[in-house]
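The values are calculated or read from the model by the stated rules, or taken from the named source; none is laboratory data. If you're wondering where the values come from, they're calculated on a predicted model, not measured in any experiment. Note: ideal-geometry Cβ built from the backbone for every residue, glycine included; neighbour counts use all protein chains shown.
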Amino acid sequence: MGVVRALVTPARGGPEVLRVEERPTPVPGAGEVRVRVHAAGINFADLLARQGLYPDAPPLPAVMGYELAGEIDELGEGVEGLERGQRVFGASRFGAQAEFVVTKAANVLPLREGWSFEEGAAFPVVYATAYAGLIRYGSLRAGERVLIQAAAGGVGIAATQIAKAHDAEVFGTASASKHEALRGFGVDHPIDYRSVDFAREIRRITGEARPLDLVLDGIGGASFRKGLSLLRPGGRLVGIGASAVSGGGRRNPARALATLARFPILHPLALMSGSRAFIGLNVLRLWDSKGSLDELIEPLQQLGEAGRLRPVVAASFPLEQAADAHRFIEERRNVGKVVLTV
């Protein structure tokens with residue numbers, strides 16, 4: 001087995017630049033495993049990397065992908081507690097969108113009985129992000145009000161499930177066609193961001209000028225500014241991304257600069273005076289600092305075993321149709337996670 005198929009981002013551009021190419025078969029080192037990938041998650045970071053807007057992306061050409069599910073193919077030296085042929089899901093620092101990937105043994109876990117490979121690939125990074133944003137940093141408590149931006153996406157649905165498991169009242173933004181699905185996932189107040197100003201609508205629903213305890217926002221720009229204006233004393237806004245800098249599937253420096261100009265300027269005195277907090281979250285930084293995502297995945301495993309969490313897969317695309325998968329996300333057609341099958 002000298003070469004494997006992999007989805008390569010060769011250069012910046014639109015979805016059409018993506019190519020399936022042959023690459024050398026990766027070899028696991030000490031403490032690592034090689035996984036035969038059956039499904040790999042697509043995150044918005046992959047789209048931003050393709051556009052040249054993701055600072056943590058590896059140099060191009062590169063194989064993207066953080067999330068995977070498949071079967072262990074080979075064990076590196078010193079690996080215990082896992083075996084060849086075992087169904088697993090987990091994370092890798094890029095490279096998951098390929099037939100085989102090598103990752104640390106600590107980064108994979110047994111795939112729960114009854115879960116598909118697609119569901120397994122839809123779990124690790126989005127649920128870790130949602131849990132870190134809501135619980136680890138957001139300190140969500142029962143009865144609190146939380147706004148989840150882009151509630152129909154993979155992180156949005158994960159965050160909704162986690163918030164409802166902690167007995168929160170959930171506001172969620174999405175286009176009107178997705179509201180019925182959002183209610184089914186547990187969103188108490190779906191808001192059509194395309195037809196109404198979400199801040200004005202939340203104030204109308206609650207009858208309060210500053211009604212929220214927590215905002216989870218991966219959009220950025222003016223959305224951060226409005227979210228902060230909705231926080232009551234003690235409120236927290238957790239920023240998990242800035243998808244607003246991307247538009248049309250291609251690198252657009254003018255749009256990115258215009259979006260950056262709309263970000264709020266945060267002064268410590270103003271935050272102290274209002275007793276509000278802005279918290280930035282980058283799961284990759286946590287991953288690098290801690291060496292694993294165990295402190296996030298372990299409590300999620302417990303919620304999953306209790307039946308409170310289960311990934312929602314919006315669509316799966318063969319590796320060769322990755323460009324269509326990227327367009328599907330960019331056109332905001334997904335309700336749930338989009339994955340690649342290998």
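Conditions (1) crowded, with 20+ Cβ neighbours inside 10 Å; (2) under 19 Å from the mean Cα position of the chain (by Cα); (3) closer than 22 Å to G2 by Cβ, marked per residue:
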site	(1), (2), (3)
H38	yes, no, yes
N43	yes, yes, no
A69	yes, yes, no
E74	no, no, yes
R84	no, no, yes
A106	no, no, no
F117	yes, yes, no
V125	yes, yes, no
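If I ask for residues that are more than 16 Å from P124 (Cβ to Cβ) and either crowded, with 17+ Cβ neighbours inside 10 Å or in contact (Cβ under 8 Å) with a residue 24 or more places away in the chain (or both), which ones from segment 273-304 would you list?
Once the filter is applied, which keeps residues that are more than 16 Å from P124 (Cβ to Cβ) and either crowded, with 17+ Cβ neighbours inside 10 Å or in contact (Cβ under 8 Å) with a residue 24 or more places away in the chain (or both), segment 273-304 yields G274, S275, R276, A277, F278, I279, G280.
Taking only segment 1-25 into account, find how many residues are under 26 Å from the mean Cα position of the chain (by Cα), assigned to a loop (DSSP other than H, G, I, E, B) and surrounded by fewer than 22 Cβ atoms within 10 Å (Cβ to Cβ).
5
What about A39, is it among the aliphatic types (A, V, I, L, M) and part of a helix (DSSP H, G or I)?
no
From E74, E99, which residue is among the charged types (D, E, K, R) and more than 20 Å from A322 (Cβ to Cβ)?
Being among the charged types (D, E, K, R) and more than 20 Å from A322 (Cβ to Cβ) holds for just one of E74, E99, which is E74.
Out of all the residues in segment 187-225, which are surrounded by fewer than 22 Cβ atoms within 10 Å (Cβ to Cβ) and in a helix (DSSP H, G or I)?
F198, A199, R200, E201, R203, R204, I205, T206, A222, R225
Could you say which residue among R93, R112 is in contact (Cβ under 8 Å) with a residue 40 or more places away in the chain and more than 19 Å from the chain's Cα centre (by Cα)?
From the options R93, R112, the qualifying one is R112.
Which numbered condition trips up K178, out of (1) within 16 Å of the chain's Cα centre (by Cα); (2) more than 22 Å from E295 (Cβ to Cβ); (3) assigned to a helix (DSSP H, G or I)?
Among (1) within 16 Å of the chain's Cα centre (by Cα); (2) more than 22 Å from E295 (Cβ to Cβ); (3) assigned to a helix (DSSP H, G or I), the lone unmet condition for K178 is (1).
In contact (Cβ under 8 Å) with a residue 24 or more places away in the chain and either more than 29 Å from A91 (Cβ to Cβ) or in contact with a Pro (Cβ under 7 Å, 6 or more places away or on another chain) (or both) - does that describe any residue in segment 147-165?
no
Out of the residues in segment 79-128 that are within 23 Å of N282 (Cα to Cα) and part of a loop (DSSP other than H, G, I, E, B), state the one that is modelled with the lowest pLDDT.
My answer is R93.
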